[in-house]
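Take a look at the structure set out below.
The values are calculated or read from the model by the stated rules, or taken from the named source; none is laboratory data. Since we're looking at a predicted model, the values are computed, not measured. Accessible surface is based on the protein model in full, side chains and every heavy atom, while ligands, DNA and RNA are left aside. Shrake-Rupley method; radii C 1.70, N 1.55, O 1.52, S 1.80 Å.
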Amino acid sequence: MTIVIYDDKHLALSVEGHAGYAEEGKDIVCSSVSILAMTLASFVERMQDEGVVKEAKMDISKGNVYIEATPITTCFTRCK
């Protein structure tokens with residue numbers, strides 16, 4: 001089972017496990033989850049390069065993705 005945990009206090013996302021739709025390496029569900037997590041990791045890195053994110057912690061290993069970001073501002077949505 002794939003487990004996704006979002007921690008809004010620390011702005012962290014953890015993705016672990018195997019979906020079990022098919023054997024490892026041929027599972028389209030795991031592939032879909034992985035590409036979404038990797039896209040988020042790439043976006044967070046880009047935001048860090050642009051100065052929007054002060055600090056980013058990422059741990060990407062086989063079957064697991066952990067992303068945590070510290071934004072420059074506490075306004076996470078559009079500020080008015």
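Things to note:
- Rolling a 1.4 angstrom probe over the protein heavy atoms with all chains in place gives the chain an accessible area of 77 Å² per residue.
- Residue-normalised convex hull volume from the C-alpha trace of the chain: 94 Å³ per residue.
- For the chain, relative contact order (Cα pairs under 8 Å, six or more residues apart, normalised by length) works out to 29 percent.
- Gyration tensor verdict on region 1-45 (Cα atoms; rounded if a/c is under 1.5, prolate if a/b is larger than b/c, oblate otherwise): oblate
- At full extension, Lys9 and Ile28 could sit 3.7 nm farther apart than now, given 0.36 nm per residue minus the alpha carbon distance.
- Expressed as a whole percent, the accessible area of the chain that falls on carbon and sulfur atoms is 56 (1.4 Å probe).
- Here is how the number arises for the chain: DSSP H runs of 4 or more residues each give -39500 (n - 2.57), the sum is divided by the residue count, and the result at 222 nm is -9500 deg cm²/dmol.
- Total lysine pairs under 25 Å (Cα atoms) in the chain, excluding pairs fewer than 8 apart on one chain: 5
- Degrees, to the nearest 10: 28-49 long Cα axis against longest axis of the chain: 20 degrees
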